[in-house]
Each structure stands twice: as structure tokens, then as C-alpha cells.
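Only one structure is covered here, and it is reproduced in the block below.
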Amino acid sequence: MNLKLYNTISRGLTEVEPVKPGHIGLYACGPTVYDHAHIGHARAVVAFDILARYLAAQNLTVDYVRNFTDVDDKIIKRAAERNRPWLELAEEHILSFNEDMAALNCLPPTHAPRATEYISEMLEDIKLLVSQGQAYELSGDVYFDVGSFKEYGRLSGRDLSEQTAGARVAVDSRKKNPADFALWKVSRPGEPSWPSPWGPGRPGWHTECSAMSFRLLGPTFDIHGGGQDLIFPHHENELAQAVALGRSMAKIWVHNGFININNEKMSKSLGNSFNVKEVLSLYPPEVVRYFLVAKHYRAPLDFSEEALLESWRALERIYRTLATTPDTAPAPGPSPVEVQKFQDRYKAAMDDDLNTAQAMGVAFELVHGLNRLAQEGQMELAAHYRKALLELGSWLALWQGSPETFLALKKPGASAVSEELISKLVENRSLARSRKDFAEADRLRQELTKLGVIVEDQAGRSTWRYA
């Protein structure tokens, strides 16, 4: 196939060549479920949803895995703060996460494994690493010895002498190297635990993904993904233990960019994160999805009210075009040459490391052309443009809904005047225009503008939308 993705491990574009012909194995790291999903989670999930959809559109069978970390220090701490069972807290946030991603029109993965479902498999891997001399025990904790793995740092590009601890805990001075990371952690009284050769404990954060990807996708699979913040230490540590166990793991490592808020990387520790439910209470899910897709997945994304409103306006432009052009099927047969050129350019953009920003530019050229053809009365060619616009939007899961429903949505702070009154004013304005009473038509337009409503005249009819 022609798709090339930026490969973090090679620092360049790599063509996607399936390990198994006709199939793609895709693993994307999921959330640690101690809280509701935030907009950063949504960006990662939407990015890999686009990738999975695009691969499927190339007639490939996609085996898509996205895990849940459902036992972790953060979950245990949050559960203790709220005086709740840790597993109950995790389950609540798994359901919440699935609900949010479904609202954003993300397809469910083929597999959604949980760390607690793979404890025995993780123990198998840890025991093998210990027997090989690449892991060691310290009073019930088991650490991976990064000094025994010559390729450590290959993914992140970091030198081992500059590394810091790779676990979500303070550096343990007993370790052979500060970068040695926990494969198994001894449990304190009252914490969740499982029996092991080293005593009751639970897996370290980095242990689960290498165990689950091997069992679900095999020793070598096509693509491993996640946010840029996971390159080090999480993915570096996954790769180290997988290769030490004789598994080459993913051929291509793909990482999406950060979301910035007020010019700072979004972070819960900075208090500048927004959970998805908060955002969806103000903006339609499709607007949020458009916002997350409109920029290249590796580029930093600035989160702001204006950016979301700009996404809303862009979608309105597409839906207005769909609402004001005839929904007729074009004549059977191949697309006209000029339409095929749009389709080829759109696909070329997607093949170039999923360049959705460039693909959107092609889509808006289609919108412009469709409006022009409709105004000129070239309805047969317009039908081909319209069909192409819808088909290309389906790769992104955008502009597939009812134009009338979308255009009737109110923006935050929009007029509280009833839609019946607005429609009546628009109708009165159309009647004034029909009898050439342009002074009255202008007065009504100004009145509608004061109400936060924009009226547009196109193809012999008037439509309205909230400003």
C-alpha cells in the first residue's frame, strides 16, 4: 500500500507493509482509569481511530487493541481518597471513557484488554527475564536491568547515562541503575495484590502492554501508538522488555502531539486539563472531533474557545453546502476526471503520514466547486462533487449527519429567541425580497443579526444559522 507513517524509532517515514498480508495489527496505549477522560486522551483516540478507519478503507482487516490500565498507584490513591474500592473506581471510569469516545464517533477497538486480566501472563514474562539475568529482585520488587540491554534508549534517543527512573515512583537507591524500572511491585497492606514467586504484589506500569500485545497480536506486529508523552519512559521500557524476551514488537511506532492550553502543555498537575464531558456539555461531539482532526496528528494543538468555534464554523460551511445542493445520485460509472483528481489528492494527503490538515484543504476545494456548479446549474457534475465530498468525509467520520440538524444547533451564548420566531422573521424577509421591498428585507436582516442569527441567500432560497 502507499501509506507512510512517521516512525519514531527510525526518525523518518516508513511505508506500511503488513506483517500478515491483508491484515494490520495496531496497538494503542489506553488510559489509566483513575479519572474521567480528558481532551488529551480524546486526541490520541481520535488520531488512532482515523488511522484504523483509513486502513480499513484500503480493504485491510484491522486488529486494533487499546488497553486499560486498571490497577496502578494513581487508582489506588484516588480510591483511598474517596473511600471507595479501587476496582469499582476503575470500572466507573472505564465506562465513562467508552461513553466519551463513542460520543466522539470513535469505533470500539477489536480488543480492549485490562491489565488485571493479564496478571498470569505478565508473571510468565517477568520470571523469564529474571531467569535470563535481565531482571532482579529487591525485597519483593522486581526490576528490569537496563544495563543488560544494549539497545536501551533506541526509541527515545536518550543516552542511558542521562536517564532517570522509568517507574511512577521515586528513585530507589538500591537499584543497579536509576533507569531500572519496576516489573513487579510489592503491595502494601490493604492494596490489591496477586501471589508471585517474590511475594504478594502487582505489576509495574510498563509490564502490561508488552504482555498484552504479544498475546493478542503476536511477537511482531505492524503499528504501536500513543501520545508523545509515552515515548519515554513507557514505550522505551515496553520495547526493552519485549526485545529481551525475543519479540521484535512493532515495526512502526506512531505518536500524536500534545494539546496546549494557554501556551502550556496540557497537564493535570498544572490544573489546565479539560475533561471530555465538560467540553461536550458546551460543544457538539462532531465539532470537537473536527477540532481534533483539522490539524496534523503530530503537530501541537492549541485548545481554546475560539479554536472550537472556528471548527464549528468550518463544519457549518460544509453542512450548508450539503443542505443547499440537491441530494441526487450521479449517473453510474467512474467519477469525472476533475473529481478523480480531487479524490487522488485527498488520498495522497492521507497516505503522507495521515495529513488530515491537507486533506481538509482538498475537501474545502470540493465545497467551493460544488457551490459554484450548483449556482451554474451543472447539476450532473455537482452530484459527483457531492458524492465525493461525502465519501471523503467518511474516512474522517465527519459531515455524515443531517445538515438540517447540525445547522440548527446553537453555539454557546447564542440567542435565546425561539427558533419558531427566527424562522418567521426569515420567512418575512424572503417575502419582502420577493416583492422587491429591499428596505424591509434589510431591516429584517439587521434584526436577525442582533439576535445572533446569520441569513444566507443561495440558489433561490434563504437559510439561517447561529453566528
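The values are calculated or read from the model by the stated rules, or taken from the named source; none is laboratory data. Keep in mind it's a predicted model, so treat the numbers as computed, not measured. Please note: Cβ atoms are built from the backbone with ideal geometry, for glycine as well, and neighbour counts cover all protein chains shown.
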Quick one: would you say Gln378 is among the polar types (S, T, N, Q), surrounded by fewer than 17 Cβ atoms within 10 Å (Cβ to Cβ) and over 23 Å from Tyr290 (Cα atoms)? yes
Exception for Thr405 within (1) part of a helix (DSSP H, G or I); (2) of a type in the set (Ser, Thr, Tyr); (3) in contact with a helix residue (DSSP H, G or I) (Cβ under 8 Å, 6 or more places away or on another chain) falls at (3)
Only one residue in Arg247, Arg298 is at pLDDT below 95, charged (D, E, K, R) and either closer than 30 Å to Phe149 by Cα or in the same structural domain as Ser10 (by TED's automatic domain parsing) (or both). Which one? Arg247
Only one of Thr324, Thr356 is farther than 26 Å from Leu51 by Cβ, among the hydroxyl-bearing types (Ser, Thr, Tyr) and not assigned by TED's automatic domain parsing to the domain that holds Ala56. Can you tell me which? Thr324
Cβ-Cβ distance below 8 Å, separation of 6 or more or different chains: which pairs start in segment 54-67 with a residue that is modelled with pLDDT of 95 or more and end on one that is acidic (Asp, Glu) and surrounded by 15 or more Cβ atoms within 10 Å (Cβ to Cβ)? Asn67/Glu208
When segment 345-358 is examined, which residues are found to be part of a helix (DSSP H, G or I) and buried (at least 22 other Cβ atoms within 10 Å of the Cβ)? Tyr346, Met350, Thr356
Can you confirm whether segment 25-43 contains a residue that is part of a strand (DSSP E or B) and among the charged types (D, E, K, R)? no
Considering only segment 258-268, I want to know if a residue exists there that is surrounded by 20 or more Cβ atoms within 10 Å (Cβ to Cβ) and modelled with pLDDT of 95 or more. no
Restricting segment 408-421 to residues that are of a type in the set (A, V, I, L, M) and either at pLDDT 95 or above or not in a helix (DSSP H, G or I) (or both), the one surrounded by the most Cβ atoms within 10 Å (Cβ to Cβ) turns out to be Leu409
Going by the structure shown, is Asp72 in the same structural domain as Val19 (by TED's automatic domain parsing), out of contact with any helix residue (DSSP H, G or I) (no Cβ under 7 Å at 6 or more places or on another chain) and either closer than 20 Å to Thr220 by Cα or in contact (Cβ under 8 Å) with a residue 60 or more places away in the chain (or both)? yes
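Rundown of residues vs (1) touching a Pro at 6+ places or on another chain (Cβ under 7 Å); (2) hydrophobic (A, V, I, L, M, F, W, C); (3) surrounded by fewer than 21 Cβ atoms within 10 Å (Cβ to Cβ); (4) touching a residue at least 60 places away in the same chain (Cβ under 8 Å), yes/no style:
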| site | (1), (2), (3), (4) |
| --- | --- |
| Arg82 | no, no, yes, no |
| Ile94 | no, yes, yes, yes |
| Glu99 | no, no, yes, no |
| Met122 | yes, yes, no, yes |
| Lys127 | yes, no, yes, yes |
| Gln134 | no, no, yes, yes |
| Asp159 | no, no, yes, no |
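Against the definition (buried (at least 17 other Cβ atoms within 10 Å of the Cβ), among the aromatic types (Phe, Trp, Tyr) and not in a helix (DSSP H, G or I)), how does Trp312 come out, yes or no?
Values: buried (at least 17 other Cβ atoms within 10 Å of the Cβ): yes; among the aromatic types (Phe, Trp, Tyr): yes; not in a helix (DSSP H, G or I): no.
It is false that Trp312 is buried (at least 17 other Cβ atoms within 10 Å of the Cβ), among the aromatic types (Phe, Trp, Tyr) and not in a helix (DSSP H, G or I).
Check segment 48-61 and report whether any residue there is of a type outside the set (D, E, K, R) and assigned to a strand (DSSP E or B).
So in segment 48-61, the residues of a type outside the set (D, E, K, R) come out as 48, 50-52, 54-61.
Pick out the ones that are also assigned to a strand (DSSP E or B) and you get 61.
Checked segment 48-61: at least one residue is of a type outside the set (D, E, K, R) and assigned to a strand (DSSP E or B).
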Quick one: which of Arg445, Arg386, Arg465 is charged (D, E, K, R), at pLDDT 95 or above and surrounded by 17 or more Cβ atoms within 10 Å (Cβ to Cβ)? Arg386
Is at least one residue of segment 174-194 farther than 30 Å from Glu81 by Cα and modelled with pLDDT of 95 or more? no
Number of positions in segment 128-140 that are more than 11 Å from Ala244 (Cα to Cα) and within 35 Å of the chain's Cα centre (by Cα): 0
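For segment 102-151, name all the residues that are assigned to a strand (DSSP E or B) and either outside the structural domain of Val71 (by TED's automatic domain parsing) or touching a Phe, Trp or Tyr at 6+ places or on another chain (Cβ under 8 Å) (or both).
His111, Arg114, Ala135, Tyr136, Glu137, Asp141, Val142, Tyr143, Phe144
Conditions tested, residue by residue: (1) more than 18 Å from Gln134 (Cα to Cα); (2) buried (at least 20 other Cβ atoms within 10 Å of the Cβ); (3) of a type in the set (S, T, N, Q); (4) touching a Pro at 6+ places or on another chain (Cβ under 6 Å).
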position: Gly218; (1), (2), (3), (4): yes, no, no, no
position: Gln228; (1), (2), (3), (4): yes, no, yes, no
position: Ile231; (1), (2), (3), (4): yes, no, no, no
position: Asn237; (1), (2), (3), (4): no, yes, yes, no
position: Ala242; (1), (2), (3), (4): no, yes, no, no
